[in-house]
Amino acid sequence: MDYKEIINKIKPELEKVVNFFEKEITKIRTGRATPALVEDILVDVFGQKMPIKQLGAISAPEPRQLVIQPWDNSYVEPIERAILQSDFGASPIVDKDVIRINLPLLTEEYRKNLLKLLSEKEEESRKVVRKWREEAWGDVQEEERNGNIREDDKFKAKEDLQDMIDGFIKKIEELGEKKRKEISE
């Protein structure tokens, strides 16, 4: 096996890590309302758990307000209950057949907690990227020991692998920095 094949084999996995991190940080609340904040909250309807995004339309008509328009009026109460039971940090208000959520201003303490949570998620993502690097490097060394890769190519592989890993870590850091600015606004 060529060392480039080993490196390219982990690239989709690294892209998944970055995409997962990006999706996870959209759930972290900032000063602005976005449907991503509540869309994945699970609601118990008809004996099964379903995310809010499958039960109604979610919009942000104002910078600090979310409106959930359930497809069916029977979903209003279960959605309200699910939001109250989640760690969302804002109370829903039922207005006939819609649910409104007014987001309070972020306190300094809450911002610090959000920044801490963001840092934890960022570090978890970097750890997973490093794990993939170690796995690929181990495969390269194994192939070199078996005589399938020359020693020169092994060192070239290490360099190429590190360049690719640095690129993915940089993407994670850029996403984290962008979210930090949103939280601090």
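Listing for the model above:
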quantity	calculated
Residue-span extension gain [Asp163 to Asp97] - 0.36 nm each, minus C-alpha spacing	18.4 nm
Angle between the chain longest axis and helix 151-184 axis [Cα atoms, degrees, rounded to 10]	20
Choice from Ile149, Ile101, Ile28 with maximal GNM fluctuation in the chain (Cα, 10 Å cutoff)	Ile149
Residue-by-residue Karplus 3J(HN,Hα) for the stretch 61-78, coefficients 6.51, -1.76, 1.60, Hz, glycine and proline x	x, 10, x, 10, 9, 10, 10, 10, 10, x, 5, 9, 4, 5, 7, 4, 5, x
Average Cα contact separation per residue, the chain, under 8 Å, 6 or more apart, as relative contact order %	27
Paramagnetic reach from Leu105 in the stretch 28-53 [backbone N under 15 Å; point 7 Å along Cα→Cβ]	31-32
Cα-Cα over 24 Å, subset of Lys121/Lys181; Lys49/Lys112; Lys53/Lys116; Lys16/Lys131; Lys23/Lys171	Lys49/Lys112; Lys53/Lys116
Other-chain or far-sequence residues with amide H under 5 Å of Gly56's (modelled H)	Trp71
Estimated inter-spin distance, Lys112 and Arg64, nm [label 7 Å along Cα→Cβ]	2.1
Extension reserve of the Lys127-Ala57 stretch, reckoned as 0.36 nm per residue once the Cα distance is removed	21.6 nm
Added length on full extension, which subtracts the Cα-Cα distance from 0.36 nm per residue, Lys23 to Lys170	51.2 nm
Nearest-ten-degree value, helix 108-145 long axis tilted from longest Cα axis of the chain	30
Inter-part distance where the stretch 21-73 and the stretch 102-152 are each reduced to a Cα centre, Å	28
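Taken together, the values in this text are just the output of simple stated rules run on the coordinates, not laboratory data. Keep in mind the model is a prediction, meaning the values are calculated, not measured. Because the Cβ atoms are built from the backbone with ideal geometry, glycine has one as well, and the counts that use them run over all protein chains shown.
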